[in-house]
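Since the structure comes first, as structure tokens, the remarks are kept for the end.
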Amino acid sequence: MPNTYFQFKQFTIQQDQCAMKVCTDACILGAWFADKAPSYASVLDIGSGTGLLMLMLAQKHKGEIRGIEIDRDAFHQLRENVDNSPWRQQLRVYPGDARTFSFPEKFDFVISNPPFYENDLPASSTNANLARHSKELTLSALLETIDKNLSGKGSFGVLLPYHRTAWFEELAATRHGFTLREKLLVRQTPRHAFFRSVLYFSRKKDRFIPTTELTIQDNAGAYTEDFVDLMKDYYLNLRPHTQPDIDNEP
């Protein structure tokens, strides 16, 4: 049974009211962009859930960060985690549907861990369906929402299942004019295929697209040095070759 909370070095995520708990790939998304989002940019987190991404970015980010969550129970948890964090003064959360919500500003950077299991088998509960599946917020709708709320020189980051990557890249480019700036491909162990992609898009045209690979665990099931280096500012007692202390969702 998942813990009712997850303790990071500088903040705590309570998660008993959220269908989607803290998971490794979401932590990778937050840690990867914490050093990439412009330091004083205004940030929007679409589908904030527990507030994990907001707090991971806030640990290193100097600008204002906003989050929106459609599920009522998750929103209460989000507000609890934000209010109890060291950075509550720079964070603000909204209840509602990001597709129709009128934000008071355009954002310089948007991040999202979207409900991406579109057309896959549904989860057992309504809340889990909203969190995991694209019934309410399809990837096409996510791109439209990002485009509507992103500033003219803005950028965004998103986590996707690997098999949806090429389709999403093409849709972002052809329908919205976004350019892929950087890509991180994630696999569980050296024996596994890639299962997640972290994509960094911008409105700025750029032909150079560096691609990096990240392997979470080695063949013995312990954390790799690359993973430890990425997560060292967040995870407690994290060292190379230690066994995982968090549920993975490969």
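Note on the range 147-220: antiparallel DSSP beta bridges, both residues inside, total approximately 75 percent of the bridges counted.
Across the range 18-26, rounded Karplus estimates of 3J(HN,Hα) from the backbone phi angles (6.51 cos²θ - 1.76 cosθ + 1.60, θ = phi - 60°) give 9, 5, 9, 8, 4, 9, 4, 5, 5 Hz, Gly and Pro being marked x.
So what's the net charge close to ALA34: Lys and Arg +1, Asp and Glu -1, counting the other residues with Cβ under 10 Å from its Cβ? Summing Lys and Arg as +1 and Asp and Glu as -1 gives 0. With a cut-off of 13 Å between beta carbons, the residues surrounding ARG207 carry a summed charge of +1, where Lys and Arg count +1 and Asp and Glu -1. Less than 5 angstrom separates the built amide H of GLN14 from those of PHE6, all sequence-distant by 5 or more or on a different chain. The mean accessible area for residues of the chain, using a 1.4 Å probe and ignoring ligands and nucleic acids, is 48 Å² per residue.
Here the range 1-63 and the range 133-194 have alpha carbon centers that stand 18 Å from each other. Between the amide H of VAL93 and those of GLY67, distances stay under 5 Å, these residues lying 5 or more places away or on another chain, with hydrogens modeled in the peptide plane. DSSP beta bridges fully contained in the chain are about 45 percent antiparallel. Just the protein heavy atoms count here, and of the accessible area of the chain at 1.4 Å, carbon and sulfur take up 46 percent.
Among ARG175, ARG72, ARG187, whose mean-square fluctuation peaks in a Gaussian network model of the chain (Cα, cutoff 10 Å)? Maximum among the listed residues: ARG175.
Between GLY51, GLY177, GLY154, find the one with the highest GNM mean-square fluctuation for the chain; connect C-alpha pairs within less than 10 Å. Largest GNM mean-square fluctuation: GLY177. The phi torsions of the range 95-112, fed into the Karplus equation with coefficients 6.51, -1.76 and 1.60 and a -60° offset, translate into couplings of x, x, 9, 4, 5, 10, 6, 9, 7, x, 7, 8, 10, 7, 9, 10, 10, 7 Hz, rounded to whole numbers, with Gly and Pro shown as x. For the chain, leaving out every one of the chymotrypsin sites (Phe, Trp or Tyr not before Pro) that falls in a DSSP loop and has at most 13 other Cβ atoms within 10 Å, the longest unbroken run is 41-207. With the helix formula -39500 (n - 2.57) applied to DSSP H stretches of n ≥ 4, the chain reaches a computed 222 nm mean residue ellipticity of -7500 deg cm²/dmol.
The values are calculated or read from the model by the stated rules, or taken from the named source; none is laboratory data. Predicted, not measured: the structure shown is a model, and the values here were computed from it. Please note: Cβ atoms are built from the backbone with ideal geometry, for glycine as well, and neighbour counts cover all protein chains shown. Remember, those area values only see protein heavy atoms, side chains included, never the ligands or the DNA or RNA. Shrake-Rupley method; radii C 1.70, N 1.55, O 1.52, S 1.80 Å.
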